[in-house]
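All of the numbers you see were taken from the coordinates with simple rules; none came from a lab. Because the structure is predicted, anything quoted here is derived from the model rather than measured. Neighbour counts run over all protein chains shown; Cβ positions are idealised from the backbone, glycine included.
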Amino acid sequence: MGDAVFRVLMMLVALLMVGIVVAMVMALAADSMLSIRQFGFGFLTSQRWDPIKGEFGALPFVYGTVASSLIALLISVPFSLGIAIFLVEQAPSYIARPVGFLVELLAAIPSVVYGLWGIFVLAPVLRNYVEPALATSFGWLPFFRGSITGIGLLTGGIILAIMVTPIISAVVRDVLAAVPGSQREAALALGATKWEMIRVVLVNGAPGIAGAVILGLGRALGETMAVTMVIGNRPQISPSLFEPSYTIASAIANEFTEATGDLYLSALVELGLILFLVTFIVNGIARLLVWNVTRRTGGVGRAA
Amino acid sequence: MMAGYVNADRTRRASSALMTTLTGLCTLLAVGALLVILFYIAWQGIGSLNFRFLVDSPRPVGEGGGIGNAIVGSLVLLLISSAFGLPLGICVGVYLSEIGRGRLGGAVRFIVDTLTGIPSIVTGVFVYAILVLPMKHFSAFAGGVALALIMIPIVARTTEEMLKLVPHSLREGALALGAPQWRVILGVVVPAAAPGIATGAMLAIARVSGETAPLLFTAFGSRFFPTSLNEPIASLTVQIYNYAISPYDEWHAQAWAATLVLMTLVLGINIIVRFLTRKKF
C-alpha cells in the first residue's frame, strides 16, 4: 500500500516535468498567436522590425543568432578538442584533475560577468588591436570591412566561444574516456605515433564529439546576457563581422519590458517560442548522439 | 611498441609532437583566460568595495550608494527558488534512479536533459506569461519560480547520479529485512547518498545565483530593500547589468565591485563542492 502511494507520488512529480515542457509550449504559443495570425511565415523571412509602424520580421535576429553561434563554434571547437585530448590522452592525472577543474570553472562564471568583462576589456582590445589588424590583412573579404567599434558580431562570437568551450570540452572528455583502451593499444601496437593513436580515438568517438558540438551550439543559440552586452543590438543583416547585430535572445531581453502594445509583445513571445523549439530540437539531437556513444561503450565496460 | 616508434619516420614523429604540443597550448590558453578574467575582476572590484557599499541601497550618481538591497534580494530569490526547486528536483531524481526504469523513465530523463538546455531567457518569458501577466505586476515570487524551473533539472540529474552510486547490496539488504520499497528508498538509499545530493543542490544554487536573463521581467529589479514577496525585488545580477550598460564611470566601478561579491559566492560554492567531492572524481 505504502509502496503504491510512494510510486504514484514520485511518478506525478516526474510527470510534472513533462507537464512543464507542455505548458511552456502552450503558454508561448498562446501568447504569440496574435503575431502568428498577423504575419504567418512571413515573420521568419521579413527583415523589417519596426515597433512604431507595427511591423515585425525576425530575419535579422535569426541571422544574428546563427552567425554569432557559428563564429563561436568555429573558434571554440578546435580549442575544446585540444583541451579534451590533452586532459584525457596526454596529461597525467595529477595535472588533468586540477586543470580540468579550472576549465570547468569557466562554465561557472555567470553570463552577466562575461558581458561586463566583454564591454570593458574584450571590446577595447578588439577595437584597438585585433579588428584593425584583421581589416588591414583581410580587408578584401566582405567579413572584415566597415567601421571598427569593438562592439558587434565578432565580439559577441568571441565571448560565446569562451563560454561554450568548457561545455564542449567537458562532453568530449566524457566521450573520449568512453572509447575502449583496447583501441589505443591496438593503434600503438601497429606502430602508430601518439597523434595517430589519438586520431583513431577521435574517429571512434566521432558521433559523441558531434553531439558535444551540437550541445555547444544549443547553448550558444540561447545565451543572452553576455551577447546582449557586446553585440550592439541593431537589427540588421550585414556580412561584416565588425557591424552591430542582434540575436533572438537579446531582442527579448532588451525589448520585453519596453514593449508597448499587444502585437509588439506577441512578436517578442513568438521569438521566444522559436528559440524554445530550436534549442529543444538541437539539444535533443545532441543528447541522442552523446548517449549512444557513452552508453554503447559503457555497456561493454560493465560486461552487461 | 618500441619497434613502431623506431621505424616511424621523421614527419610522422614531428607532426605527432606538434599536435600534442598544440593541445597543451589550447588548455593553457583556456586556463589563462580564466585567470585573466578572475584577476581583472578582483583588481577592478576591490577598489569600490567597503562596508558601506555592502549595506547601503543604491543612490543617484555622485552620491555613492551600495548593493545591500541587491544582496538581500538575491538571497530572498535563492530561498524561494530552493524551497520549490530542491524538493521537486530531488523527487524527480529519486524517480529516475529508483522507480522509472521503463519507457516512461527514459522519456522523463530525456525531457529533464533537454530542459537543462532551454535558454533561461525563455524560462523568463514563460514565467512572465503564467505569473506576471495574470498578477499584472513583477514580483519576487515570479523571479523565484523562474529560478526554481532552472534548478529542478540540474538537481534531478545530480540526485539520480548520486543515487546510482549507492551499492545495490544496501537496497537488497534492507528489502530482505522486510522493509517496503518506499522505506528502503527514504530510509536507506537517500540518506546514503545525502552528501552527494547536497553538493548537487549547492551547485544548482551556484548556477542560479548567476542568472540574470530570467529575472529581467519576473523579479525586474528595485532600488529599495524588499518588503514583500509580492513586489519587484533587486538582485545582484540585474544590478550588475543595469550598472554595466549605464554611461556613468561611478556605476561601472560599482558593477565591478558587485561582480566581485557575486563571484566570491559562485566560485566559493564551486570550490567548496570540489573540495568535498575530491575523492569521488
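Miscellaneous remarks
- Under-5 Å amide H pairs with A:TRP49, H placed in peptide plane, nonlocal only: A:GLY57
- Residue order, fewest to most surrounding Cβ atoms within 10 angstrom, among A:TYR129, B:TYR95, A:TYR264: A:TYR129, A:TYR264, B:TYR95
- Note on chain A: GNM, Cα springs under 10 Å; of A:VAL179, A:VAL121, A:VAL201, the largest mean-square fluctuation is that of A:VAL121.
- In straight-distance terms, cross-link reach from B:LYS164 covers every one of the aspartates and glutamates whose alpha-carbon lies under 19 Å from its own, apart from those fewer than eight places away in the same chain; here that gives A:ASP174, B:GLU98, B:ASP113, B:GLU172.
- Summed residue charge, Cβ within 12 Å of A:ASP31's Cβ, Lys/Arg positive, Asp/Glu negative: -2
- For chain B, the membrane-span-like helices by this rule, meaning whole DSSP H stretches whose C-alpha atoms cover at least 20 Å of axis and whose Kyte-Doolittle mean is -1.0 or above, are B:10-46, B:68-94, B:103-117, B:140-165, B:190-209, B:249-276; this says nothing about an actual membrane.
- Here the relative contact order of the stretch A:60-301, from alpha carbon pairs under 8 Å that lie six or more residues apart, stands at 31 percent.
- Charge dipole (debye, nearest 20) of chain B; +1 at Cβ of Lys and Arg, -1 at Cβ of Asp and Glu: 900 debye
- Between B:ILE271, B:ILE71, B:ILE121, the Gaussian network model of chain B with springs among Cα atoms under 10 angstrom shows the greatest mean-square fluctuation at B:ILE271.
- Burial ordering of B:MET162, A:MET1, fewest other beta-carbon atoms within 10 Å first: A:MET1, B:MET162
- When the Gaussian network model of chain B links Cα atoms closer than 10 Å, the mean-square fluctuations of B:GLY66, B:GLY124, B:GLY24 top out at B:GLY24.
- Straight Cα distances below 15 angstrom link A:LYS53 to the aspartates and glutamates A:ASP262, with same-chain residues fewer than 8 positions distant left out.
- Annotation note: chymotrypsin sites (Phe, Trp or Tyr not before Pro) in the stretch A:7-54 located in DSSP loop regions with a Cβ neighbour count of at most 12 within 10 Å are A:PHE41.
- Span-like helix ranges in chain A, DSSP H, alpha carbon extent 30 angstrom or more, Kyte mean at least -1.0: A:2-39, A:59-85, A:153-178, A:262-301
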